[in-house]
Amino acid sequence: MNVKQQQYNPTLAQLKADDKIALNKFDSVDAWFIADTIRSFNFEGSGIVFAVRLFNGIELASGVLGEVTPANYDWLNGKLAISKKYHQSSYLYGQALIAKHHAVGRYTLPDGEIGVIRGINSEPARSTEYLNALLCEDLNGDSAVPLTEFVEAYQQFMNFTGVKVMTRKELQDLISAVFPSVVFEDGPTGRVVMRNLRIKESQEKMKVKATNTMNAFTENKFPSFSADGGSFPINIKGVAGPIGAVSISGLPSGLLDHIVARAAIVELAKVQTR
């Protein structure tokens, strides 16, 4: 598998489903299978560190591919700590935090936030953050956001901030730039709707980082914890809760680290069903 060419942009619902992948069994032989699977992947020169650890502290397999730094171990251990504490992948934990604190599933703000809006009128860049916040993270393929309602809500916000209000065309161009996969089409009532809005695509542009969000909004702090992707829980059928995790650090993004850890578990699950 060429890791950097993988196209995988899961929703929160998909991440939650993935976290339920369960193996028939798990022992040291299975751990070595995971290690060998990871070693077989093409990382295109990226250095990674990986570990297969049980939550009781026993490390069944680990390895280093390419050049890594001590910081990679901090990230790996932080991701593992999240999986151990919350019994879920570190990527799911981080993406859920971003969805909670950087997105709202409606077009209007609570009254309690109006004062905050009035207080940021000297920071026009914050209006772009609100563009992100207006949209739900977990839209499925059939969901659509009416463009007119969205534009009206956004323009109302701009009026609050005192920033020059964008026209519908200017705002539509901005949405296209921030959400590359967005599709504008005529809805069933003749109104234009936006589909395929993927808030994760905009996170790099918005500089929204999972671990930064964790540091700001939770008691978990880096380096003891990391909300970036890369630690994937090991579940066994019939056992309540995961027993450990496969953890990765070193790739250019947490999503790629997550893809590798998930792929190793999926491959093992396939072998066990043969």
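One table, with the values for the structure above:
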read-out	value
When each of LYS4/LYS169; LYS20/LYS100; LYS16/LYS169 is checked by Cα-Cα distance, pairs over 32 Å	LYS4/LYS169; LYS16/LYS169
Cα→Cβ-extended label distance, 7 Å offset, between GLU219 and THR69, nm	3.1 nm
Local electrostatic count, SER231, Cβ distance below 15 Å [Lys/Arg +1, Asp/Glu -1]	-1
Kirkwood Rh in Å, taken over segment 1-78 so that all alpha-carbon pairs contribute	14.6 Å
Protection proxy ranking of 8-15, 227-234 - average other beta-carbon atoms within 10 Å, highest first	227-234, 8-15
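Each value in this text was obtained by applying a stated rule to the coordinates, not by laboratory testing. Since we're looking at a predicted model, the values are computed, not measured. In this analysis, Cβ positions are derived from the backbone assuming ideal geometry, glycine residues included, and neighbour counts consider all displayed protein chains.
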